[in-house]
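J.: Handing you a structure now.
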Amino acid sequence: MSVKVTINREECTSCETCWITAPEFFEQDPADSFSSVVEKYRVGGNPAEGEGPDDLKDKIQESADSCPVQIIEVA
Ligand code: SF4
């Protein structure tokens with residue numbers, strides 16, 4: 001089972017937590033400095049939406065739990 005992830009990018013504070021915790025899945029977008037899903041896991045090329053593989057599930061969840069503004073949604 002993969003995990004569906006959305007990032008409410010407009011409210012990202014670029015605190016770095018998610019891309020340090022799960023660098024395989026999150027990255028800092030060079031254009032606006034906000035968190036993005038890495039290209040490989042994007043859905044429809046959207047940097048705010050992704051589908052993560054099962055083996056990254058725990059790291060993705062940890063990132064979401066640690067986000068200080070709680071804008072990473074995992075389903
Ligand atoms: S943890 Fe949250 S606020 Fe911090 S960079 Fe990631 S999405 Fe942005």
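J.: Which is farthest toward the positive dipole end of the chain among Ala31, Pro47, Ile72, measuring Cα position about the Cα centre, with Cβ charges +1 (Lys, Arg) and -1 (Asp, Glu)?
T.: Pro47
J.: As a test of the formula, what do you get for the chain when each DSSP H run with n ≥ 4 contributes -39,500 (n - 2.57) and the sum is divided by the residue count, at 222 nm and rounded to the nearest 500 deg cm²/dmol? Could the numbers behind the result be given before it?
T.: Values: 2 runs with 15 residues, N = 75.
After summing the helix terms and dividing by residue count, I get -5000 deg cm²/dmol.
J.: Pairs of Cα atoms under 8 Å, at least six residues apart: use those to get the relative contact order of the chain, whole percent. All intermediate terms of the calculation are to be shown ahead of the outcome.
T.: Numbers: 138 pairs, mean separation 31.9, N = 75.
42 percent.
J.: Could you work out how much longer the chain between Gln70 and Glu51 gets when fully extended? Use 0.36 nm per residue separation minus the Cα distance between them, nm to one decimal.
T.: On the way: separation 19, 0.36 × 19 = 6.84 nm, distance 1.83 nm.
Contour length minus Cα-Cα distance gives 5.0 nm.
J.: Which of the lysines could a cross-linker bridge to Lys40, judged by Cα under 16 Å and excluding same-chain residues fewer than eight apart?
T.: The qualifying lysines are Lys4, Lys57.
All of the numbers you see were taken from the coordinates with simple rules; none came from a lab. Just so we're clear, the structure is a prediction, and the values are computed from it rather than from any experiment. Here the Cβ is made from the backbone with ideal geometry for all residues, glycine too, and neighbour counts use every protein chain on show.
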